[in-house]
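Below: one structure, written as structure tokens.
The values are calculated or read from the model by the stated rules, or taken from the named source; none is laboratory data. The structure displayed is predicted, hence computed values, not measured ones. Quick reminder, even Gly has a Cβ in these numbers, built from the backbone with ideal geometry, and neighbours come from all protein chains shown. Note: areas computed on protein heavy atoms with side chains; ligands, DNA, RNA excluded. Shrake-Rupley method; radii C 1.70, N 1.55, O 1.52, S 1.80 Å.
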Amino acid sequence: MVIGENEEIVFPPSRFRYIGHMPSAPPVVLTVAGFDPSSGAGVTADIKTIAAHGCYGVACISAMTVQSTAGVRRVDPVSPALVEDTLKELVGDIEIAAVHIGMLGSGRIARVIADFLSREKLPNIVVDPILKATSGADLVDSAGARVIVERLIPLATVVTPNVDEASALSGLAVRNPEQMRAAANKLHEMGAEAVVVTGGGQEKAIDLLTFTTKRGIEQEIFKSDRQRSSSTHGTGCAFATAMACHLALGRGLPEAVLLAKAYVAAAISNAHPVGRGIGPVHHLYRMHQQRRTTGISETEPVH
């Protein structure tokens, strides 16, 4: 059928039906973090993690960095006013289901974020208290570390320090499960509602979850075999952001820890070699796998 230039086609109304059912929108997860040009950690890695969990990611950049797999060379915090305006704009437009707080950059930015969280009362706040890069570079100043302790930890739904961060925040040595418990208890005394201390143990990768209930402080330990890999850049960011996603999806803390730990383990085992240093995990490895029809089944068993 050829239609002339001035001809008009009229379709009868009976040919079309209104589709009443529309796909529901995914939960929105906000990440506040630095920008890593290598995309192994920071905002871009967080957005990949959020997408991998079926959520929608929005972001506020706290600092620009010059870094690669070889390490962090430079950190430039952004303007606190820019952070404040970005956060106000996002919450004024979008309903946030969970928040991930990563690298802060400076005490001034940390205070802006603490003020914002105190004012907005957003749900499911995951604070990843990033103090130093693996290469040793400071990612927040001493004023920012004080804000983490005094204001952000009490505002968090869960705090996710690794053993080194738990040690710095609590002032205690943290290397084995007993020391992890002691540090977690100290963080509870500092106002934390729930704590996940990650990375303890020698032969096993151990994560300790402690959380407040009506019966007091309860705890669960999650163990898995430690992977020997040079692609571990951004594991802390991926774990904390995955936690935020699972909380946004309505899962409880123990299940969120279990699933986040399994996700990170699989992202490490599926990583590609990138760069000449510590390479990134493969945040989007699931894109290259067939969708599983059964329950949780990652490549790394977690107990």
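Give the distance, in whole Å, between the Cα centre of the range 79-136 and the Cα centre of the range 230-252.
Between the Cα centres of the range 79-136 and the range 230-252 lies a distance of 16 Å.
Taking the Cα centre of the range 97-240 as origin, sum charge times position over the Cβ atoms of Lys and Arg (+1) and Asp and Glu (-1), and report the length of that vector in debye to the nearest 20.
100 debye
Work out from phi, with θ = phi - 60° and the Karplus expression 6.51 cos²θ - 1.76 cosθ + 1.60, the ³J(HN,Hα) of each residue of the range 28-43, listed in order in whole Hz, and give x for Gly and Pro.
The phi angles translate into 9, 10, 9, 10, 10, 6, x, 9, 9, x, 7, 6, x, 9, x, 4 Hz.
Can you put E84, E95 in order of accessible area, largest first, using a 1.4 Å probe?
Largest accessible area first, the residues go E95, E84.
Evaluate E = 1/(1 + (r/R0)^6) for H272 and E218, where r is the Cβ-Cβ distance and R0 equals 30 Å; express this FRET efficiency to the nearest 0.05.
0.15
Which entries in the list K204/K261; K48/K261; K88/K121; K48/K132 go over 18 Å, if you measure between the two C-alpha atoms of each?
Over 18 Å Cα-Cα: K48/K132.
Out of all DSSP beta bridges in the range 54-210, what portion is antiparallel? Express it as a percent rounded to 5.
65 percent
How much net charge surrounds K132 when only the other residues with a Cβ under 11 Å from the Cβ of K132 are counted, with Lys and Arg +1 and Asp and Glu -1?
Net charge in that neighbourhood comes out at -3.
Quick check: net charge around V58, other residues with Cβ under 12 Å of its Cβ, Lys/Arg +1 and Asp/Glu -1?
Here the count lands on -4.
Could you work out how far helix 107-120 tilts from the main Cα principal axis of the chain, as a 0 to 90 degree angle to the nearest 10?
Orientation of helix 107-120: about 60 degrees from the principal axis.
Hey, what number do you get for the chain at 222 nm if only DSSP H runs of n ≥ 4 count, each worth -39500 (n - 2.57), divided across all residues, to the nearest 500?
One gets -10000 deg cm²/dmol as the mean residue ellipticity at 222 nm.
Express in nm, to one decimal, how much length is gained between I94 and S229 on full extension, taking 0.36 nm for each residue of separation and deducting their alpha carbon distance.
Difference between extended and current length: 44.7 nm.
How large is Rg/Rh for the chain, to two decimals, with Cα atoms and a Kirkwood Rh?
That ratio equals 1.06.
Cα centroids of the range 26-40 and the range 255-288: how far apart, whole angstrom?
With the range 26-40 and the range 255-288 each reduced to a Cα centre, they are spaced 15 Å.
Report the label-to-label distance for L82 and S142 in nanometres (one decimal), using points 7 Å from each Cα along the Cα→Cβ vector.
The modelled label-to-label distance comes out at 2.7 nm.
Only Lys, Arg, Asp and Glu count, each charged at its Cβ (+1, +1, -1, -1), so figure out the dipole size of the chain about its Cα centre, rounded to 20 debye.
In debye, rounded to 20, the chain gives about 700.
For the chain, find the longest principal axis of its Cα atoms and tell me its angle to the long axis of helix 235-248, 0 to 90°, nearest 10.
The two axes meet at around 60 degrees.
Taking the Cα atoms only, what angle lies between the long axis of helix 253-269 and the longest principal axis of the chain, rounded to 10 degrees?
Computed tilt is about 80 degrees.
Over the chain, what percent of the accessible surface lies on carbon and sulfur atoms, probe 1.4 Å?
52 percent
Taking a 1.4 Å probe, which of E203, E89, E165 shows the most accessible area, and what order do the others take after it?
E203, E89, E165
Compute, for K48, the solvent-accessible surface of its heavy atoms (probe 1.4 Å) with the complete set of protein chains present, and express it in square angstrom to the nearest 10.
Approximately 60 Å² for this residue.
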